[in-house]
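K.L.:
Structure provided below as structure tokens; questions to follow.
The values are calculated or read from the model by the stated rules, or taken from the named source; none is laboratory data. Remember, predicted model here, so these are calculated numbers, not experimental data. So basically every Cβ, Gly included, is an ideal-geometry build from the backbone, and we count neighbours across all protein chains shown. Calculation scope for accessible area: heavy atoms of the full protein, side chains included, ligands and nucleic acids excluded. Shrake-Rupley method; radii C 1.70, N 1.55, O 1.52, S 1.80 Å.
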Amino acid sequence: QRRAMSNDDLRVFLGFDCNVGDLFESLKAHDKVEYDEETKMFRYKAKHDVMCKEDVLELVNATPDGLAIDEIADAYVKAVEDAVALAEEDGSVILLTNTETKKKVLFRKQPEYEVEVNGEFVASFHEVEIPEHDVDFDKAL
């Protein structure tokens, strides 16, 4: 989990002082850095403010068009692992991978859209051979 850091913490971590001139002003103005004037602490600002698996689930439920795992990957160390675990453990989340971009997207399961499909239809569907090449696919249609 990311923690707030003082200039002293950053100096130890980076090996140089961040509290000087243009560097300090650039850090304060950066859209991925939050600076607290009161405590004089820097904090990384992720796109989504999630800190645990429960927060990820809450965000997925609030995002009807799906939540790309890439969008939460920088929120905390185990964000991606937790997102995948939600899809595997929790029956309320579905993980789909875009076949073209390979991006993984979480969707909340919506029981009102679930449909029973009979076994005969499923078997017939799986028997259909799909050509490997686009040209053959067009011919098959």
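K.L.:
Restricting to region 1-44, and then to whatever is in a loop (DSSP other than H, G, I, E, B), of a type in the set (Lys, Arg) and open to solvent by 80 Å² or more (accessible area, probe 1.4 Å), can you tell me which residue is nearest to ILE69 (Cα to Cα)?
P.N.:
ARG2
K.L.:
Suppose we keep only residues that are open to solvent by less than 70 Å² (accessible area, probe 1.4 Å) and part of a loop (DSSP other than H, G, I, E, B) within region 45-57. Which one would you say is farthest from ASP82 (Cα to Cα)?
P.N.:
ALA46
K.L.:
Follow-up question, since we're still on this one. Name, by its number, the condition in (1) farther than 24 Å from PRO64 by Cβ; (2) exposed (fewer than 12 other Cβ atoms within 10 Å of the Cβ) that does not hold for PRO131.
P.N.:
(2)
K.L.:
Considering only helices (runs of 4 or more DSSP H) fully contained in region 73-141, which possess at least 3 residues that are within 27 Å of LYS45 (Cα to Cα)?
P.N.:
79-89
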